[in-house]
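What follows is a single structure, written as C-alpha cells, with notes after it.
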Amino acid sequence: MIVKPRIRGFVCITAHPQGCEAKVREEIEIAKAAKNPNGPKKVLVIGSSTGYGLSTRVAAAFGSDAATLGVFFERPSMKGKPASAGWYNSVAFEKAAHEAGLYAKSINGDAFSNEIKAQAIETIKADLGQVDLVVYSLASPRRTDPADGETYKSVLKPIGESYTNRTLDTDKGEVSEVTIEPASQEEIEHTVKVMGGEDWELWMNALDDAGVLAPGAKSVAYSYIGPEITWPVYTNGTIGQAKKDVERAAAAITKAHDCEAHVAVNKAVVTQASSAIPVVPLYISILFKVMKAKGNHEDCIEQMVRLLNERLYGGDLQLDDHGRIRIDDWEMEADIQKAVADVWPEISSESLNVLSDFSGYQNNFLKLFGFGLNGVDYEEDVEVDLPMPSAE
C-alpha cells in the first residue's frame, strides 16, 4: 500500500516502514562513526523502540558492538494497516544488527508486567548469561501495577495553581496562550506511580535476584529539566514529581545492588512524548534555531553517543549537585538560554518561521514516523506487514 502521514493532534497514526528503516540507518551511521571499544557489551533496553531508548540501543550496538535485548509495547500491522513507528524501528534495528553479526532480540509486551520481566530474564539466561548495562526508558501514559492490578494514569499538569503561558499548535502553526489547571493530589500520586522509579527498581530487583545482572553493571534512566519557562508544567509539575522519584530510585538501586545507577538529564528533542507537553514544542522550535546557529544542536542519537562514550564509559560522568549526569549541558549554556528568553515574548504566529525553526520541528516530528527521509519513494507501494526478525 502507499502510506501517507495522517496526523491527529501530537501523534501521527500512520508510519512508513521504509522511512523508519532509513531513519534508523541514519542513526546507525552516526554511532558507527564514534566507535567506543570500552562501551557496554550486553545491554537490556527497557523502552527500546523510539526516542532516547532506541538511540541508546543503536549507540550501544553499533558504537560498542554490544549484544542488545529490547523490550517495548508496539503495534504490529493488523488487517492491512501500517504498524506503529516503534515496531518498524525495531524491525529495522534487528535487521541491521543481524547484518552486522550482532545479537539482537526484542520482546513486545507490557514492560510493567511480571510476565515480561520473567520473559526477559529467561532470554538473558539462555542467550547472554548476564547484562552489564540496563537502560530504563519507558514513557507510558498508564501503568497497571502487578502488585494490586490497579491501572494508574499519568497527567501533565502544574501543582498548586493554574499555569498560563505561550504554546504552539503544531497542526496549525499558531502561537497562542494555554492555561492548565493544577493537578489533584491523586493525579500527582498516579503520575508518580506511572512515571516514577518504582518499576525501574522492580526490574533491577528481578534481574539481580535471577542472577542475570553482571557484577559492577551500570544502569541509567532518563529525565529532563529544561528552562524556567517550562518548570511549572514539567520540573515543578506532576512529571517533575515523578522524575524526583526516579532520582530516589537511582540511589536505592545503587545501594541495593552491585550496580551503578544514574539519572541522565537529556536535551529537549522532538519525541512522541515531548510533543504532548504544552509549551514545550514552542520552546523546542526556538531552541533548535539558536543551537543550530551556534553549531551545537544534537538529536537523540548524538546525545546517546555522548552519554555512552564520554560519560558512562568515558570516565567523565560530570555529575551535578544532585548526582545527575547532565547531557543537557549545551542546551542550558547561559548564552543559549538568554537567546531563547529574548525571543520568547516576541514570537507570534506571524513571526514563527522567522524567529524559530518550526520547519525543523515539523521535519523531526514527521521523521519519527518515517516520513520526510531522503532516498525514500513515498509514492511507492510498500509491504506494511513486517515480522520481527528475532521472532521468525
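The values are calculated or read from the model by the stated rules, or taken from the named source; none is laboratory data. Keep in mind it's a predicted model, so treat the numbers as computed, not measured. FYI the Cβ positions are ideal-geometry reconstructions off the backbone, even for glycines, and counts take in every protein chain you see.
Brief remarks follow.
- Considering the stretch 285-305, the residues that are surrounded by 19 or more Cβ atoms within 10 Å (Cβ to Cβ) and without any contact (Cβ under 8 Å) to a residue 60 or more places away in the chain include one that is nearest to VAL135 (Cα to Cα), namely HIS297.
- Between ALA264, ALA256, the distinction of being modelled with pLDDT of 95 or more, more than 17 Å from the chain's Cα centre (by Cα) and aliphatic (A, V, I, L, M) belongs to ALA256 only.
- The helices (runs of 4 or more DSSP H) falling completely within the stretch 289-391 that include 2 or more residues that are among the charged types (D, E, K, R) and within 30 Å of VAL263 (Cα to Cα) map to 300-306, 334-343.
- Residues that are touching a helix residue (DSSP H, G or I) at 6+ places or on another chain (Cβ under 6 Å) and closer than 25 Å to GLN337 by Cα were ranked within the stretch 243-269; the one that is surrounded by the most Cβ atoms within 10 Å (Cβ to Cβ) is VAL263.
- The conditions of being modelled with pLDDT of 95 or more, acidic (Asp, Glu), surrounded by fewer than 23 Cβ atoms within 10 Å (Cβ to Cβ) and within 20 Å of the chain's Cα centre (by Cα) are met by GLU21.
- Looking at SER48, SER90, just one residue is within 18 Å of the chain's Cα centre (by Cα), part of a loop (DSSP other than H, G, I, E, B) and small (Gly, Ala, Ser), and that residue is SER48.
- All of (1) polar (S, T, N, Q); (2) without any contact (Cβ under 8 Å) to a residue 40 or more places away in the chain; (3) under 20 Å from ALA276 (Cβ atoms) hold for ASN89 with one exception: (2).
- Filter result (of a type in the set (D, E, K, R), in contact with a helix residue (DSSP H, G or I) (Cβ under 7 Å, 6 or more places away or on another chain) and in a helix (DSSP H, G or I)) within the stretch 9-45: GLU21, LYS23, ARG25, GLU27, LYS32
- Matching residues in the stretch 204-223 - criterion: being touching a residue at least 60 places away in the same chain (Cβ under 8 Å) and either over 30 Å from ALA118 (Cα atoms) or part of a helix (DSSP H, G or I) (or both): MET204, ALA206, LEU207
- Residue within the stretch 172-185 that is surrounded by 15 or more Cβ atoms within 10 Å (Cβ to Cβ) and over 30 Å from ALA341 (Cα atoms) present: no
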